[in-house]
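Report on the following structure.
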Amino acid sequence: MQIKETIESLEKKFEVRDLNLFYGSFQALKNIDMDIYENKITALIGPSGCGKSTFLRTLNRMNDLINGVKIEGHITFDGKNIYGKDYDLIALRKKVGMVFQKPNPFPKSIYENIVYGPKIHGEKNRDVLDGIVERTLREVALWEEVKDRLHRPATGLSGGQQQRLCIARCLAVEPEVILMDEPTSALDPVATSKIEELLNTLSDKYTIVIVTHNMQQAGRVSDFTSFFLSGKVIESDKTEKIFSNPANKKTEDYITGRFG
Amino acid sequence: MKSYEKVIEKIILICAILSTLSVGLITVFIFHSGLPVLKDYGVLSFIFGMDWKPTNGQYGIFPLILGTLSVTFGALIIGIPTGIACAVFLVEILPSNIAKIFKSAVELLAGIPSVVYGFFGLAVLVPAIRTYFLPIYQIFRPEATTTGFSILAGAIILAIMILPTVVSISENSLAAVPHEYREASLALGANKRETIVKVLIPAAKSGILSSVILGMGRAIGETMAVLLITGNMPVAPKSMLDSVATLTGTIAMEMSYATPTHQSALFAVGIVLFVIIMLLNILAQLMMKRMGGGQ
């Protein structure tokens, strides 16, 4: 994708400043500074255990679920510190959706999976819910495949369909940001390419942050790329710059496959 | 080595045959001893007869069936919500090291002999119902009286007795719900309560349901504790403070002095108990199959 705007003209959705994260005494993230731009796709790459998934999960505070996690520094979302004392966690997670590595539809029907979020947030009107189901399934290009079996168990779908359903479920609460944690690593190449196409169309409306092991994928889908190594951000830039002319030797070594 | 293994194999085979055989023998024995009375007295008048007066030759066990069902369902109404809430608390809310202490305490309940439960009910619950609960109940029903030996007492004790079963099986099935479901729900902006009620409990429903069925089986079969505190009056109950006699309690109490016909009638009570439990088990399995279909 061609980027015509200069970085300065882009809206910052997240601003991460001096972020440190500890699991007990182990420091998993070290002095992270990063900007995530609105309606762009940011890819986080790096070898296993480099902290990219951990970083992703700080953006919707999913690390809060893990015992013994300590976080320093701050992350602002639309200008407000999400680790501030009175920040509304529910509202954050409604605006910042997440898609996981393994497709994880609830053991309910396709329909119930999608309306779960809207119902939680108070939507009761049957027609509105029906509308949400159709809209989100169309957005993920799943509608034609499942429209006749909306009330059948979601677990009966193929892996790729399940993952698209999970994206639809995420879209159903009308997020502004979608965090994706290696969303295609459990999928076959055909299902993967469908998800990648989907990412392209979604980026018109949503800010996407995607963790990926697959550098070709990062190169294909993202506008910006950040390279993580041992809990640090080594380099963040436009994807084409990172892949064609990285500033840091370590980035170049990783991208050319010399390690990782 | 080979012959050694063959010997072991034979021993295991004998064990398997023995246990299957004993189930078969018990069944044959109960039916053999009880069927004559059912034949002479008539199955319908036996099951739906309202008078259990063995000395008059009247063997209507409907009051006993009502007694067993009322105490059992009372126990389920109290025990199941408590048990499930306890399981949720242990799995989802308490830190795991503290949960371990609570868990072993609940499991300890299973090790207490049932006569001790009965004695506890007799010494504590029965008087408490008479002196504390009755006055409150009389605000709504001024004409109510009770000795304390009642459905309520039996139901409370049985509820405590089925707790270990309900808690440990529900807890296991809740703990087995994949962590991904929790994450998915929370990431959509659900809070902990919504996640528990709308995702975790439904995902664990087949395990929770089987805990309920097993608890129900235990409640129906329980004899000693119930015998001591329900008053053993073979009369159809009108309120939860009335005394009742249960199927099991009646068999245990009357067997020792029964005349041959009376004894045969008690075996027929055993047949009814047997059939009720069989039906419940079949029902439970059907329900589980249907509910499990969503997964």
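The values are calculated or read from the model by the stated rules, or taken from the named source; none is laboratory data. Remember, predicted model here, so these are calculated numbers, not experimental data. Don't worry about glycine lacking a Cβ; one is built from the backbone with ideal geometry, like all the others, and counts go over all protein chains shown.
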Scanning the stretch A:53-85 residue by residue, those acidic (Asp, Glu) and buried (at least 20 other Cβ atoms within 10 Å of the Cβ) turn out to be none
When every residue in the stretch A:112-147 that is of a type in the set (S, T, N, Q) and buried (at least 19 other Cβ atoms within 10 Å of the Cβ) is compared, the one nearest to the other protein chains (Cβ to nearest Cβ) is A:ASN113
Flagged in the stretch A:208-223 as farther than 12 Å from A:THR42 by Cβ and either modelled with pLDDT under 90 or in a loop (DSSP other than H, G, I, E, B) (or both), in numbering order, are A:HIS213, A:ASN214, A:MET215, A:GLN216
Subset of the stretch B:153-186, residues among the hydroxyl-bearing types (Ser, Thr, Tyr), within 14 Å of chain A (Cβ to nearest Cβ) and buried (at least 23 other Cβ atoms within 10 Å of the Cβ), comes to B:SER185
The correct count of residues that are surrounded by fewer than 21 Cβ atoms within 10 Å (Cβ to Cβ), more than 9 Å from every other protein chain (Cβ to nearest Cβ) and within 22 Å of A:ARG135 (Cβ to Cβ) in the stretch A:86-111 is 1
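Each row is one residue, and each column tells you yes or no for (1) touching a residue at least 40 places away in the same chain (Cβ under 8 Å); (2) more than 14 Å from chain A (Cβ to nearest Cβ); (3) not hydrophobic (A, V, I, L, M, F, W, C).
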| site | (1), (2), (3) |
| --- | --- |
| B:LYS205 | yes, no, yes |
| B:GLY221 | yes, yes, yes |
| B:GLU254 | yes, yes, yes |
| B:HIS262 | yes, yes, yes |
| B:LEU283 | no, yes, no |
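Residue-by-condition table, conditions (1) among the aliphatic types (A, V, I, L, M); (2) under 23 Å from B:PRO54 (Cα atoms):
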{"site": "B:GLY207", "(1), (2)": "no, no"}
{"site": "B:MET216", "(1), (2)": "yes, no"}
{"site": "B:VAL226", "(1), (2)": "yes, yes"}
{"site": "B:THR230", "(1), (2)": "no, yes"}
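Going by the conditions given, is B:ILE136 more than 18 Å from B:SER243 (Cβ to Cβ), of a type in the set (A, V, I, L, M) and surrounded by fewer than 16 Cβ atoms within 10 Å (Cβ to Cβ)? Spell out how you get there, then give the answer.
On the way: more than 18 Å from B:SER243 (Cβ to Cβ): yes; of a type in the set (A, V, I, L, M): yes; surrounded by fewer than 16 Cβ atoms within 10 Å (Cβ to Cβ): yes.
Judged against the criteria, B:ILE136 is a match.
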Going through the stretch B:187-197 in order, the residues found to be of a type outside the set (Gly, Ala, Ser) and within 7 Å of chain A (Cβ to nearest Cβ) are B:LEU188, B:ASN191, B:GLU194
If we take the stretch B:30-112, then helices (runs of 4 or more DSSP H) inside it with 2 or more residues that are away from chain A (no Cβ under 14 Å), more than 25 Å from the chain's Cα centre (by Cα) and more than 25 Å from B:ILE162 (Cα to Cα) are B:43-48
Just one listed residue, out of A:ASN20, A:ASN60, A:ASN39, A:ASN81, is more than 14 Å from chain B (Cβ to nearest Cβ), under 15 Å from A:ILE178 (Cα atoms) and not hydrophobic (A, V, I, L, M, F, W, C), and it is A:ASN39
| Within the stretch A:46-57, is even one residue away from every other protein chain (no Cβ under 14 Å) and either of a type in the set (Lys, Arg) or farther than 29 Å from A:THR256 by Cα (or both)? | yes
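Being in a loop (DSSP other than H, G, I, E, B) and either away from chain B (no Cβ under 11 Å) or of a type in the set (D, E, K, R) (or both) is the filter here; which residues of the stretch A:150-168 pass it?
Within the stretch A:150-168, A:LEU150, A:ARG152, A:LEU157, A:SER158 meet the criteria.
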Among the residues of the stretch A:184-207, are any part of a strand (DSSP E or B) and more than 14 Å from chain B (Cβ to nearest Cβ)? yes
The one condition B:LYS238 fails out of (1) among the charged types (D, E, K, R); (2) without any contact (Cβ under 8 Å) to a residue 60 or more places away in the chain; (3) within 14 Å of another protein chain (Cβ to nearest Cβ) is (3)
